[in-house]
Amino acid sequence: MTTTHDANPPRFYHGTRADLQPGDLIAPGPAAAHVYLSPDMDAAIWEAEISVGEGRGRVYLVEPTGAVVDASALPGHPPARHPAMSWRSGQPLRVTGEVTEWTLYHGTRADLKPGDLIEPGRAPNFGRLDRLTTYVYLAATLDAAVWGAELALGDAPGRIYVVEPTGPMEDDPNLTDKKFRGNPTRSYRSRHPLRITGEVVDWRGHAPDVLRAMLESVERMRRLGVEPLDD
């Protein structure tokens, strides 16, 4: 069991649709004994996108006012199907700020360097392979980029690059509102090149059984003739 009484406590995030300000408290409610948070921003992004309410998904920086535990390490805690805020506290969280600027990632097997451009017009990883892509894809969640690196065709090692778009981008319709509300993977596409500004070298791939299930799903869709929306 891990608590925030360590010498260097982690930075925590909380995802919601509530409109909050620094200093506001996020407290457990009558129907819940705990309030949830996470040191993983991807988990907070997911919770913000799929949470109830009509406001836009927001991710806040929070500090606990009491001890917190990682509930995923507790006996009997069910595993989540996606990144989820698993840390919890019986005491309120204090909002210290809001995340408004996002690091953008691109997962691939290509060996690239800072300054290189990732452009449309290349062979795709999904669907018919006798065509050229008209978009390039990127995401604000590292988990989505990990999938991009793991599912890319080829035998080279997967790589994840930090990128900046050189033109407008839009939600990726292949993922937005397909299975979960909103755009929980913060996945986007653009008709304009992406410029590489760095590389993530310490990322971790998905568990072998999770990756195998995804590869089987992709192959099943290929056999059914399902094509990505890339017009």
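The values are calculated or read from the model by the stated rules, or taken from the named source; none is laboratory data. Being a predicted model, the structure only gives us computed values, none of them experimental. Cβ placement follows ideal geometry from the backbone for every residue including glycine, while neighbour counts extend to all protein chains displayed.
Take the residues in segment 173-198 that are of a type in the set (D, E, K, R) and modelled with pLDDT of 90 or more, then tell me which one is surrounded by the most Cβ atoms within 10 Å (Cβ to Cβ). By that ranking, first place goes to 186.
Looking across segment 63-98, the residues that are small (Gly, Ala, Ser), under 21 Å from the mean Cα position of the chain (by Cα) and under 12 Å from residue 36 (Cβ atoms) come down to 71, 72, 80, 84, 86. State whether the residues of segment 42-51 include one that is closer than 17 Å to residue 141 by Cβ and in a strand (DSSP E or B). Checked segment 42-51: no residue is closer than 17 Å to residue 141 by Cβ and in a strand (DSSP E or B). Filter segment 78-99 down to residues that are over 24 Å from residue 147 (Cβ atoms), touching a Ser or Thr at 6+ places or on another chain (Cβ under 8 Å) and surrounded by fewer than 20 Cβ atoms within 10 Å (Cβ to Cβ), then give me how many there are. Selection size over segment 78-99: 3. The numbered conditions (1) over 17 Å from the mean Cα position of the chain (by Cα); (2) modelled with pLDDT of 85 or more; (3) surrounded by 14 or more Cβ atoms within 10 Å (Cβ to Cβ) are all true for residue 157 except (3).
Here's the yes/no breakdown for (1) touching a residue at least 12 places away in the same chain (Cβ under 8 Å); (2) part of a strand (DSSP E or B):
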site: 182; (1), (2): yes, no
site: 188; (1), (2): yes, yes
site: 197; (1), (2): yes, yes
site: 205; (1), (2): yes, no
site: 210; (1), (2): no, no
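For (1) at pLDDT 95 or above; (2) of a type outside the set (Phe, Trp, Tyr), each residue gets a yes or a no:
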position	(1), (2)
100	no, yes
104	yes, yes
110	no, yes
119	no, yes
123	no, yes
132	no, yes
147	no, no
